[in-house]
Amino acid sequence: MKIAFIGLGGMGARMAANLVEAGHQVTGYDPEAPAPEGVTAAASAPEAVEGADVVMTMLPDAQGLRVTAATVIPAMREGAVLCDCSTVDVDTARAIAAEALAAGLHPVDAPFSGGRIGAEEGRLFFMVGGTDEAVTRVMPLLDILGQRVVHCGGSGTGQAAKLINNMMLGVGMIATCEAFALADKLDLDRQKMYEVVSNSSGRNWSLEAYCPAPGVGPKTPADNGYLPGFSSEFMLGDLRMAQLSAQSADADTPMAALATELYARFVEEEGGAGKDFSAMLPRFEKRGHA
């Protein structure tokens, strides 16, 4: 396929390079990042998308996506697929899908999990929203970039799935960090707590696969000074987008709202910027009863 890739930052560059390696012709554009080897650099986003079968976007926020969509949609050929892999709020995803449909395009929202390593190794997990036809057309590319794809429903449902998952992850990580901090103050050994909870009803992914306590469970960012895997800033951004979508849908999400407040305080006031989102544990270690 002839592919345009807009957004060649840390994730987008790896994804575009994997498409080239699989034999596709990729033209890329990013105002700040160079095109990776094998990707033809365009001078602008409209130039990059000209004549493309599929346009993929990987942008840092909803505002950037809206601005980019406004420039590329008029320049795309009718019948092409617009596949956005950014993480944005559901209203933004659906608004852009409506614009694309009105222009005779096939919109797909395809956020993912898996991080930079997953992007580099082609092991991402895509949550996809769009029509059956649109998803079928972009599926060969997603199969190159990831190891699993779930078609969640119509436009916006991919973003809904991603934000709900990360909302649960943020809440779950805070609960797990609280538990370790409480165990310390009750003189319960961390390893013993891990063994009990990971074999009991309190078990969860944050404990078993991404343990925030150094030296407990598998190796995680906690064992590397909390250098991010997934940064606290990214978690805060996803929680805020989940709250926007919850407000738009008139959904009551009090636990997620509190998690958003805690991550905001951690990132903006307590030195959490630049640290992994599991660094909430040392934050709780330092605190007493609120």
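The values are calculated or read from the model by the stated rules, or taken from the named source; none is laboratory data. All values derive from a computational prediction rather than experimental measurement. Methodologically, a virtual Cβ is constructed for each residue, glycine included, from the backbone with ideal geometry; neighbour enumeration extends over all protein chains shown. Surface areas here come from the heavy atoms of the whole protein model, side chains and all, with no ligands, DNA or RNA. Shrake-Rupley method; radii C 1.70, N 1.55, O 1.52, S 1.80 Å.
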- Query: For the chain, which whole percent of the accessible surface, found with a 1.4 angstrom probe, sits on carbon and sulfur atoms?
  - Reply: 54
- Message: Just to confirm my numbers, what's the Cα centroid distance between the stretch 1-60 and the stretch 179-241 in Å?
- Response: 36
- Round to a whole angstrom and tell me the spacing of the C-alpha centers of the stretch 77-91 and the stretch 115-163. 11
- Between ARG265 and VAL67, what length comes free when the chain is fully extended (0.36 nm per residue of separation minus the Cα-Cα distance, one decimal in nm)? 68.3 nm
- Query: Hey, what's the Kirkwood Rh for the chain if you take every pair of different alpha carbons, in angstrom?
  - Reply: 20.0
- Message: Going by average Cβ density within 10 Å per residue, which order do the peptides 153-161, 278-286 take, highest to lowest?
- Response: 153-161, 278-286
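Between ARG116 and ASP189, what length in nm is gained on full extension when 0.36 nm per residue of separation is reduced by their alpha carbon distance? All intermediate terms of the calculation are to be shown ahead of the outcome.
Working: separation 73, 0.36 × 73 = 26.28 nm, distance 3.34 nm.
Computed gain between ARG116 and ASP189 is 22.9 nm.
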- Task: Have a look at the DSSP beta bridges in the chain and tell me what percent are antiparallel, nearest 5.
- Result: 15
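For the stretch 5-48, what does the accessible surface come to per residue with a 1.4 Å probe? Please give it in Å².
On the way: 2020 Å² over 44 residues.
On a per-residue basis, 46 Å².
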- Task: Roll a 1.4 Å probe over the protein chains and send me the accessible area per residue for the stretch 160-286 in Å².
- Result: 50
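To the nearest 0.05, what FRET efficiency results for LYS2 and ALA249 with a Förster distance of 45 Å applied to their C-beta separation? Mind showing how you got there, number by number?
Details: r = 37 Å, r/R0 = 0.83.
Calculated transfer efficiency: 0.75.
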- Given 37 °C, 0.692 mPa s and a Kirkwood radius over Cα pairs, the Stokes-Einstein diffusion coefficient of the stretch 160-286 in µm²/s is 222
- Apply the Kirkwood formula to the stretch 2-154: the hydrodynamic radius equals the inverse of the mean of 1/r over all pairs of different alpha-carbon atoms; give it in Å with one decimal. 14.8
